[in-house]
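Let me begin by presenting the structure, written as C-alpha cells, before commenting on it.
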Amino acid sequence: MAYGFTYKGRHCSELGARLLRYVVNSPELREYEDEPAGLPGVLDFGTELGKREIEITVDIDPNAVEFKRRQSEILTWLKPTAAVGILVFDDVPDRFYYAKLSGRLVPEQIGRYGEFRFTMKCTDPFAYGPERIHEDSLTASPFLFALESEGSEPTPPVIELTNNGAGTINEFTLTIEYETE
C-alpha cells in the first residue's frame, strides 16, 4: 500500500493518488471578549475551539485513465455534499478525524501526471483514537486499578459494571478520579 490516507473506508491509492504532504492545523479559536469604555485592555469571557482544517496535497500516478476523469473520481470520493467521513493518515493509524471536503479541489496538470490540493474541514476539532476496553474481576475489597488515557485531551472513562456471580451485591462505592484543566 502506498503512503497516503484512508477516507470513508477507501485508501487514496485505490484512485491512483499518493499523499505528498498534509498539514493538520490547530483548531480555530472563538474568543469571547469585550472592550470596556475608558479602561485599558479587554474583558476575557473565555475561549472555545472552532473547526479544524487539514490541508492535503496528493499526486496522481500516470496511467491509461485520463487526468480529468480521475479528478472527477476523486471529487466523487470526497463528495462535499455528503456527511462527514472518517479520515485516517497512514503514518498515524491510531488517530482519526471526522472530516469533509471544504473549498475546491485544485488541480495542477502536466499531461497524465498531476497534483491536487484540497482542504478537509473538521467541524469536530478533535482527533480520536480507538476505544480501549479494560475488563477485570473484582476479587477483594478494596480493589484498585488504574487506566491511562493515551489521548492529548483529558477524557472521563465510561464504566460498565456487571455482576456475574450468583449473589446479590447490596452496596458498593465507586471512586473515579481523572485530571482536567
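The values are calculated or read from the model by the stated rules, or taken from the named source; none is laboratory data. Just so you know, these numbers come straight off a predicted model, no measurement behind them. Here the Cβ positions follow ideal geometry from the backbone for every residue, glycine too, while neighbour counts run over all protein chains shown.
If I filter the stretch 97-105 for residues that are crowded, with 16+ Cβ neighbours inside 10 Å, within 15 Å of I56 (Cα to Cα), basic (K, R) and touching a residue at least 40 places away in the same chain (Cβ under 8 Å), do I get at least one hit?
Looking for residues that are crowded, with 16+ Cβ neighbours inside 10 Å, within 15 Å of I56 (Cα to Cα), basic (K, R) and touching a residue at least 40 places away in the same chain (Cβ under 8 Å), one finds none in the stretch 97-105, hence no.
Give me the pairs: first residue in the stretch 43-56 and closer than 11 Å to R30 by Cα, second residue among the hydrophobic types (A, V, I, L, M, F, W, C) and exposed (fewer than 13 other Cβ atoms within 10 Å of the Cβ), beta-carbon distance under 8 Å, and six or more apart or on different chains, which are they?
That search, which allows pairs on different chains as well, returns T47/L29; E48/L29; L49/L29; G50/L29.
Please list, ordered by first then second residue, the pairs with beta carbon atoms under 6 Å, 6 or more apart or interchain, first in the stretch 155-181 and over 21 Å from G129 (Cβ atoms) and of a type in the set (S, T, N, Q), second at pLDDT below 75 and exposed (fewer than 10 other Cβ atoms within 10 Å of the Cβ).
Qualifying pairs under 6 Å: N163/I169.
For the stretch 128-152, which residues satisfy the criterion of being closer than 21 Å to A99 by Cβ and either surrounded by fewer than 10 Cβ atoms within 10 Å (Cβ to Cβ) or in contact with a Ser or Thr (Cβ under 8 Å, 6 or more places away or on another chain) (or both)?
Matches in the stretch 128-152: E131 only.
Quick check on my filter: what residues within the stretch 3-45 are over 21 Å from the mean Cα position of the chain (by Cα) and assigned to a loop (DSSP other than H, G, I, E, B)?
G16, E35, P36, A37, G38, L39, P40, G41, V42
Looking at this structure, is P125 of a type outside the set (G, A, S) and free of Cβ contacts under 8 Å to residues at least 40 places away in the same chain?
Here the answer is no, as P125 does not meet what is asked.
Take I56 and tell me if it is over 19 Å from the mean Cα position of the chain (by Cα) and hydrophobic (A, V, I, L, M, F, W, C).
no
Please specify each residue of the stretch 1-37 satisfying the condition of being out of contact with any strand residue (DSSP E or B) (no Cβ under 6 Å at 6 or more places or on another chain) and of a type in the set (S, T, Y).
Hits for the stretch 1-37 are S13, S26.
Do the conditions hold for L78, that is, is it crowded, with 17+ Cβ neighbours inside 10 Å and touching a strand residue (DSSP E or B) at 6+ places or on another chain (Cβ under 8 Å)?
Taking the combined requirement at face value, the residue satisfies it.
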